[in-house]
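One structure is given here, and the rest of the page talks about it.
The values are calculated or read from the model by the stated rules, or taken from the named source; none is laboratory data. Just so it is clear, the model here is predicted, and its values are computed rather than measured. Virtual Cβ from ideal backbone geometry, glycine too; neighbours counted across all protein chains shown.
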Amino acid sequence: MPSIVLNDGNVIPQLGFGVFQVPPADVADVVTAALEAGYRSIDTAAIYGNEEGTGQAIRASGLPRDEVYVTTKLWNADQGYDATLRGFDESMRKLGLDYLDLYLIHWPVAIAGKFVDSFRAFQELKRQGRVRSIGVSNFTVANLRRVIEETGEIPAVNQIELHPGLAQHELREFHAANAIATEAWSPLGQGTLLEDRTITAIAGELGRTPAQVIIRWHLQLGNVVIPKSVTPSRMAANFDVFGFELTPEQLDAIDALDRGGRLGPHPDSFTVGL
Ligand SMILES: NC(=O)c1ccc[n+]([C@@H]2O[C@H](COP(=O)([O-])OP(=O)(O)OC[C@H]3O[C@@H](n4cnc5c(N)ncnc54)[C@H](OP(=O)(O)O)[C@@H]3O)[C@@H](O)[C@H]2O)c1
């Protein structure tokens, strides 16, 4: 499993598993299946409502804690210094873990003017050793500049919507210049890109599935990538991406699919939970 060294020296597996929209009642079985398929990085969030089952599956797996990389996210309603500390305690209670690998501010909600205070609380949690790495999600370049200028710390990760239809060139360049790891959410375009003719043609050339081709594109770009599937055969296939490579021409053909098309909301206008 290739990994990415973060700007704080910690290491994140490049391929992980996301549990957005996995129902709380199913998540323990789904995470158990993902761990059995070989995934060693799980991405959840307070707002997904499934931290409890996620933590339960990780604890029941018998894997040493330091062999599973765990990410969760601070929900918008919990922004602000003290509320962030409370939100963290609640997430950790639900996960049932004694430290977290990566904590992300889920959305900037810049209009609330609290993300800098939340990141200061993250710095305190990191100082206390309760979180190994601190980062953000859905931050624009302007949001990133502000958090860096006001806290003096560069987030380790920015988790953003990123797939062949939304290649996020501006953010990826800013991340590269500032040693911020790019983590791709909805990396398969929520499944919408799997029938794209360019993707299916490359999959045909390689004898691979369309999802494997897209995951490989992310890996070769240097993204951290966290596809989600509740289907065991897809979970396993999505993990079986280390035995082949895309050629430069195939990468270029996938790059050309960028239309700047979002499936999720624009970070400047997302204020749910405020
Ligand atoms: N930070 C944020 O704001 C944010 C926002 C959205 C997502 N995320 C994170 O990113 C993770 C992934 O994003 P996502 O769940 O939105 O979308 P995604 O991973 O791009 O796509 C998931 C969809 O693709 C299907 N799928 C997966 N593998 C497939 C395969 N091999 N063949 C055919 N279909 C396949 C899944 O179906 P089945 O499950 O039915 O198999 C599901 O419908 C989330 O789980 C979450 O952890 C973060």
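Quick one: which of A46, A25, A37 is without any contact (Cβ under 8 Å) to a residue 40 or more places away in the chain and of a type outside the set (D, E, K, R)? Residue meeting the stated conditions: A25.
Any chance you could count how many residues in the range 243-274 are in a helix (DSSP H, G or I) and surrounded by fewer than 13 Cβ atoms within 10 Å (Cβ to Cβ)? Total satisfying the criteria: 4. Inside the range 33-65, residues that are basic (K, R) and either at pLDDT below 95 or within 14 Å of the ligand (Cβ to nearest atom) (or both) make up a count of 0. Checked against the criterion of being assigned to a helix (DSSP H, G or I) and under 17 Å from D43 (Cβ atoms), the range 93-101 has at least one qualifying residue.
Of the residues W75, W107, the single one that is within 15 Å of the ligand (Cβ to nearest atom) and surrounded by fewer than 23 Cβ atoms within 10 Å (Cβ to Cβ) is W75. For the range 198-235, a tally of residues being within 10 Å of the ligand (Cβ to nearest atom), within 18 Å of F20 (Cα to Cα) and not polar (S, T, N, Q) returns 10. Do we find that D240 is within 15 Å of the ligand (Cβ to nearest atom), surrounded by fewer than 20 Cβ atoms within 10 Å (Cβ to Cβ), farther than 23 Å from L102 by Cβ and under 22 Å from the mean Cα position of the chain (by Cα) in this structure? Answer is yes for this residue. Scanning the range 144-172 for residues that are under 18 Å from the mean Cα position of the chain (by Cα) and not in a strand (DSSP E or B) yields L144, I154, P155, A156, L162, P164, G165, A167, Q168, H169, L171, R172. Looking only at residues in the range 1-32 that are in a helix (DSSP H, G or I) and acidic (D, E), the one that is farthest from the ligand (Cβ to nearest atom) is D29.
Looking at I215, I202, I180, which one is touching a residue at least 40 places away in the same chain (Cβ under 8 Å) and more than 16 Å from the chain's Cα centre (by Cα)?
Details: I215 fails: more than 16 Å from the chain's Cα centre (by Cα); I180 fails: more than 16 Å from the chain's Cα centre (by Cα).
Testing whether each residue is touching a residue at least 40 places away in the same chain (Cβ under 8 Å) and more than 16 Å from the chain's Cα centre (by Cα) leaves just I202.
Criterion applied to E161, E149, E195, E183 was being modelled with pLDDT of 95 or more, surrounded by fewer than 16 Cβ atoms within 10 Å (Cβ to Cβ) and within 10 Å of the ligand (Cβ to nearest atom), and the one residue passing it is E195.
State which residue pairs qualify: first residue more than 14 Å from H175 (Cβ to Cβ) and among the hydroxyl-bearing types (S, T, Y) and inside the range 1-12, second residue surrounded by fewer than 16 Cβ atoms within 10 Å (Cβ to Cβ) and at pLDDT 95 or above in any location, beta carbons under 6 Å apart, and separation of 6 or more residues or different chains. Final answer for the pair search is S3/V11.
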